[in-house]
Ligand SMILES: Nc1nc2c(c(=O)[nH]1)N[C@H]1C(S)=C(S)[C@@H](COP(=O)(O)OP(=O)(O)OC[C@H]3O[C@@H](n4cnc5c(N)ncnc54)[C@H](O)[C@@H]3O)O[C@H]1N2
Ligand code: MOO
């Protein structure tokens, strides 16, 4: 059976970032940059006050001063300070020429004759409360590199730098097809032998969080022709995902349906637990991933393989950093499959949950980490260091 590493490199090996397109800032969130963002100007574009107070010349301390005007954000004072003069200034306003220090208003009082006088400690140093021009960035600086995922702060930085339309990779469009005679949609009463098809919403949300747009193709019965028809209909997507029907039972028909739909199967079954019956293939230009039916297996295969594929197609470089923590309990030797145990991690401690069956969604919900055990790992003692994958952003 294929190892985790070989399976991942075969899935990613065939994948290229989707073409770039220009998008407004409002639509660019979560996308990945296809061109860098360079600053069109200095930020701030002028020396700006960081506080409400008075702009003065350091050499005039300790005052008093004569107020000659006001500088507010968006309404700068146009003149220059001469000896003994001050300008009332507000946060974000340009600092007038010749002023080199701002004294906060709490430290100033207007005296009887209208003179502004220092009360309190005064400014700590020359330049106090002034943000130099270019304090955040200078014109021409590369602020965001190609391959950067546009988080909320990255969007604000691009906007601040003067970019209104950004070159980003088109997000992958994904079709999800659930298979199984036993499945009913959420909210529908289940008949005898039926259960609610719960995995579709989970997989869709995992993929959306990775940057994809998702079309839910609903539930298809365990019928080769019906599954093949659904797969063919979905083939215009960048990635087609099925859930269930991936194993060896008489009603596990996804591989046959794939062949009937004209797809090429790249691999079937890999040495991981849970998730062994994973299928990977190509359907014309579409990628195909057949997830195992057990919900935890489907979740973990999505996290390990579909999310990195979505990142690659989106133009971002997928990287799964394993982290380390110390076991709270001993673990037996591992078998031949890379194991992914649902666990709770806190600081440098990690505790596997007692429920490790691949149908147990409750345990999956309680877990914030997957302990990764390599094939044939030796038994581990409490206190031993193990690798884990955090699940916070999965
Ligand atoms: N003789 C063998 N039996 C099984 C093997 C094996 O190697 N030999 N592998 C087991 C493993 S491992 C897994 S994982 C499962 C996966 O099988 P399938 O991909 O064929 O999944 P199904 O049989 O269709 O379903 C399994 C289980 O999951 C439920 N299910 C399916 N879809 C959904 C959904 N959308 N939402 C919620 N639950 C779903 C389904 O009702 C079944 O209970 O096979 C083992 N068997
Ligand atoms: O691998 Mo199955 O995915 O053990 O439950």
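Only counting other Cβ atoms within 10 Å, I'd like 58, 268, 65 sorted with the fewest neighbours first. Present the calculation step by step, with values, prior to reporting the outcome.
Details: 58 13, 268 19, 65 24.
By the 10 Å Cβ count, ascending, the order reads 58, 268, 65.
Which of rounded, prolate, oblate describes segment 48-131, given a ≥ b ≥ c as roots of the alpha-carbon gyration tensor eigenvalues and a/c under 1.5 marking rounded, otherwise prolate only if a/b is larger than b/c? It comes out rounded by the Cα gyration axes. Would you mind pulling out the separation of the Cα centroids of segment 61-103 and segment 243-306, in Å? Their Cα centres are 69 Å away from one another. On a 0 to 90 degree scale, rounded to 10, what angle separates helix 4-13 from the longest Cα axis of the chain? Taking Cα atoms only, the helix is inclined about 70 degrees. Counting neighbouring Cβ atoms within 10 Å and putting the fewest first, the residues 248, 56, 146 line up as 248, 146, 56. Helix 199-209 sits at what angle to the longest principal axis of the chain, using alpha carbons and giving 0 to 90 degrees rounded to 10? Orientation of helix 199-209: about 30 degrees from the principal axis.
Within segment 87-226, the proportion of Cα pairs with more than 22 Å between them is 68 percent.
Annotation: Cα Rg of segment 187-318 relative to the compact-globule expectation 2.2 N^0.38 Å equals 1.00. Considering every alpha-carbon pair of segment 323-390, the percent of pairs per 5 Å bin, from zero through the bin containing the longest distance, is 4, 19, 30, 27, 16, 4. Largest first, the extents of the alpha carbon coordinates of segment 271-394 on the three principal axes equal 49, 28, 27 Å. P(r) for the chain, from all Cα pairs and a bin width of 10 Å, is 5, 18, 20, 17, 12, 10, 10, 6, 2, 0 %, short bins first. Compared with the dominant principal axis of the Cα atoms in the chain, helix 224-233 is inclined by about 30°. This ranking places 49, 285, 9, 3 by how few other beta-carbon atoms lie within 10 Å of each, fewest first, which gives 285, 9, 3, 49.
Computed from the coordinates by the stated procedures, all read-outs in this text should not be read as laboratory data. Since the structure is predicted, the reported quantities are computational estimates derived from the model, not experimental observations. Note that we place each Cβ from the backbone using ideal geometry, even for glycine, and neighbour counts take in every protein chain shown.
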